[in-house]
């Protein structure tokens, strides 16, 4: 890698669930020159509050904001050192975060959990995305919205998640009203970290739209060719035109909740790739970066991955495949596609509608199977071969022709987000015989998730939103057999992101835009994005065989998922009753 | 155990798939005084013909008749020695056999495979019950019978098995016509072994009815109170009144098959417990038993177990639970109960209709699960606890309340015999989540087999054949958790056979009847049968909870099993195509 004296660099910082990663990227071509990871000292706080040792209730998940600052103090300088570039040549920094991860602060942005009086109060901490204790509040939000015919509900597939801002806010109000009252601001960590870097509060259009029920006006999106990403667009309407749910709706949930938006959330929204401000002296001290360089508006991990994979044009569907799969795509079409997590104008690329869909369980289903349903002899053989049990099963499964296992499964072990939006569904396996082997069921589960993806892609297209390319990012990329199954099942080539730290790269690209090195994220993606086209291509014969299995999947999907036989819900209720 | 000088003894010999067991039983009270097992030197011949080493085609299973004679030579004398009783006090011998296990012989009963010229011809050997290579012939028998409207088809649940006499006979004719032509007799091993003992050919009413399509006239069964089992009943009609399929039907299958019944099967039928003849000098030499003692008419393992468990009255359903479950019951009602393996007059107890139903997969489903779907950590923990993996899983499963697993399964991993009579079905598991553990799926499979039994019991009763008591025999008795599940699911107490060698005991009881020590098998059962009543009783609360799961089972049973969604058959065809 040639390093020239006049090269400029951007820093991307990816805040994950258990650690943060900083990467140093060359602005001219996206070369990743150095990176460093910092593990949070408290990880995800799910059982006891570290400050007091007090037990948390079930389904809670908290985080301490100083763990995030530590990433700035530790990982950023290490990444710069690893890159062996002069810090003086860094022109901007940007971040992406898990979402909805949200915390109550003072007007100055001080987390309430950092006030001495509140260190022992769980509700004063940041609630991590996977805090699931606000389900009753989410249920009331959905029921009330449906009863009132709130127009925004359809944008979210008819269902607001318990993970999102309003459910967590309502829980805070009703379980700890004092903390709620003292929370001058209730802010996404994605935006709070920017406040730490630039010293000013900003709110990004992405989390406001996807996690905060800010719905843009549904007139045509602005012409992307004329929309600059480097600063808030002057053209209307943009993703910042629109509104949150009304005071009346909030009051219907709880009279004391009426001011939630106006008092704690509302703030001008800033576009992705916009410049939130300049790096403060304090943050320069933490990071070792030059004071005054550009700090980009906050962003979300899945959404920054899209430009990192070069996907900034309508119809390019990026699938970030890990424990679950997040599908993000931009389009110039606004349509009510069933089962979306959200449709947000400017939510991924300024000037376009950003769609997000999801499969609730993918890698975690395979992990569950490997942990719970594979016999000892396989584990021993994998050890002997010096390979992971996943790889061993994939090798065995790959040796069979399509359909040879006689199985078809439904991939709902963790519920179904898209397109059914039903987290109370569960898995189904059909066709087992006393000759069925572990690798066959493993393969059937992989195929089921591919069928789930095909269902989503077909739903986009049926709703009038064309899907022109599939690009894969995320940890499951390493399973080549799985990738080939997806290509065959979807009957399409698969392109693959060219980085194994896609979110951090995508953040660095937004930093470059915020610093003015590129006019917008589309230009940055053209120079810095990395994609390998058509790495996997479908085999016609296998694809034909999969069509027959997909037809079976669809019939079972509708039978078990659309209420023809509501057995999965009844089983869940029996389970809950038995445990009560 | 007091042994008196005037005690008399009967010998029962149970011929299984891999070995034969002889037991010495005291006639007065059924006390089992000694037993011995002899393993067949060739076991079940499924890959190579021992005489030549030639490979057998797929799905073949043969046996060599001298392995059976060896049981008489080896196990009988050892059992008598173990019992420490004088051989001179043995008054009779009886046998039970696997069925349909059938062989071609000369008019003298010499197996064709024992003629020098035929030792290398696979078709000259006995075809074991689990020889499944005659499926195409069975399919033709069923299609032809259905097309011609043969009235006997309904007695067999609408389907003749590939395991039975006519399918095996047709295969013999069409694949080795020379052996077929030389087979003066085509005879069940159950009857052939009696020929060896008594020196005369007999044919028992049980295998003729259940495996040979001999259908008794459907007028009322004789009054059991007046029907003696000790000798062929003089009263008409009995199970010996009736007939085999017609020459016209056989000719429709193959013109050369027209004489199959008349030339190779037909012989006066003898009642169960009847005296076939007297022990020959040669057989006395083999066994060490007195020449001239009673030899009972041949019988079948499942059917002799019924009186061994004291079940000789209408409505007492005996379930012999092992790899599969066989349900036998006598009734004074003749009804076309869906899914029976057969309904045979005098087929279990003279004077009554004998019903046989079956579940194709029970213990083998649990074994499949334990071998293929339980992770290493469970195997290690079971080892640490010094218990079997089955017991470890059962203990873990038993700790949960009913329905806590959120699962329901269909127990068709080995097809479904009763009540759907469809061996091309396969298993289904519904409701898995990423929290589902191995013991929960294990329990769901146990419950599924219990639901399958409940379906059979309810089908009997719906058809007007009352079930008044459930009595369990067989290897699964050792799983107390499973027994309790069955009791709860069935909402009935379970009685349990009082012997762990039920078939051999049942045979010895038939020997006692044949020797005249009892007037009939009912009297023998009263003195010699062994049952522990109501060992398991249902818990009302669990039974209520199971009712909800059973309703789900029934809905899925009908959806997947009665053609509403024929996915299981389509998956099987896809599997066959992929493997072709």
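The values are calculated or read from the model by the stated rules, or taken from the named source; none is laboratory data. On a predicted model such as this, the values are computed, not experimentally measured, just so you know. Positions of Cβ are generated from backbone atoms using ideal geometry, with glycine treated the same way; all protein chains shown enter the neighbour counts.
A few points about this structure:
- Residue within region B:327-340 that is out of contact with any helix residue (DSSP H, G or I) (no Cβ under 9 Å at 6 or more places or on another chain) and surrounded by fewer than 21 Cβ atoms within 10 Å (Cβ to Cβ) present: yes
- Verdict on residue A:508 being part of a helix (DSSP H, G or I), crowded, with 18+ Cβ neighbours inside 10 Å and more than 14 Å from chain B (Cβ to nearest Cβ): yes
- Any hit, region A:320-327, residues being more than 23 Å from residue A:480 (Cα to Cα) and either within 14 Å of chain B (Cβ to nearest Cβ) or within 12 Å of the chain's Cα centre (by Cα) (or both): no
- At least 1 residues being modelled with pLDDT of 95 or more and over 24 Å from residue B:67 (Cα atoms) is the threshold, and among the helices (runs of 4 or more DSSP H) wholly inside region B:142-200 those reaching it are B:165-175, B:177-182.
To keep it simple, each residue is scored yes or no on (1) away from chain B (no Cβ under 14 Å); (2) touching a helix residue (DSSP H, G or I) at 6+ places or on another chain (Cβ under 8 Å); (3) surrounded by 22 or more Cβ atoms within 10 Å (Cβ to Cβ).
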site: A:514; (1), (2), (3): yes, no, yes
site: A:522; (1), (2), (3): yes, yes, yes
site: A:525; (1), (2), (3): yes, yes, yes
site: A:530; (1), (2), (3): yes, yes, no
site: A:537; (1), (2), (3): yes, yes, no
site: A:541; (1), (2), (3): no, no, no
site: A:546; (1), (2), (3): no, yes, yes
site: A:549; (1), (2), (3): no, yes, yes
site: A:554; (1), (2), (3): no, yes, no
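- Enumerated strands (runs of 3 or more DSSP E) restricted to region B:377-483, each holding at least 3 residues that are more than 9 Å from every other protein chain (Cβ to nearest Cβ) and in contact (Cβ under 8 Å) with a residue 60 or more places away in the chain: B:469-473
- Checking each residue in region B:561-576 for being out of contact with any strand residue (DSSP E or B) (no Cβ under 6 Å at 6 or more places or on another chain) and either crowded, with 22+ Cβ neighbours inside 10 Å or within 7 Å of chain A (Cβ to nearest Cβ) (or both) picks out B:565, B:567, B:568, B:570, B:572, B:574, B:575.
- Options A:365, A:348: the member that is in a loop (DSSP other than H, G, I, E, B) and crowded, with 24+ Cβ neighbours inside 10 Å: A:348
- If you go through region A:1-40 and keep only what is out of contact with any strand residue (DSSP E or B) (no Cβ under 7 Å at 6 or more places or on another chain) and closer than 17 Å to residue A:189 by Cα, you end up with A:16, A:17.
- Hits in region A:85-116 - residues which are part of a helix (DSSP H, G or I) and touching a helix residue (DSSP H, G or I) at 6+ places or on another chain (Cβ under 9 Å): A:87, A:112, A:113, A:114
- Checklist (1) in contact with a helix residue (DSSP H, G or I) (Cβ under 6 Å, 6 or more places away or on another chain); (2) buried (at least 24 other Cβ atoms within 10 Å of the Cβ); (3) under 30 Å from residue A:505 (Cβ atoms) applied to residue A:417, failing item: (1)
- Filter result for residue B:487 (under 22 Å from residue B:536 (Cα atoms) and part of a loop (DSSP other than H, G, I, E, B)): no
- Considering residues of region B:219-266 that are at pLDDT below 95 and not in a loop (DSSP other than H, G, I, E, B) only, the residue surrounded by the fewest Cβ atoms within 10 Å (Cβ to Cβ): B:225
- Residue that is farthest from the chain's Cα centre (by Cα), among those in region A:101-120 that are over 28 Å from residue A:293 (Cβ atoms) and surrounded by 19 or more Cβ atoms within 10 Å (Cβ to Cβ): A:118
- Check on residue B:49, over 25 Å from the mean Cα position of the chain (by Cα) and crowded, with 20+ Cβ neighbours inside 10 Å: yes
- Residue A:75 being out of contact with any helix residue (DSSP H, G or I) (no Cβ under 6 Å at 6 or more places or on another chain), crowded, with 21+ Cβ neighbours inside 10 Å, in contact (Cβ under 8 Å) with a residue 24 or more places away in the chain and outside any strand (DSSP E or B): yes
- Test: residue in region A:345-366 that is within 14 Å of chain B (Cβ to nearest Cβ) and free of Cβ contacts under 8 Å to residues at least 12 places away in the same chain: no
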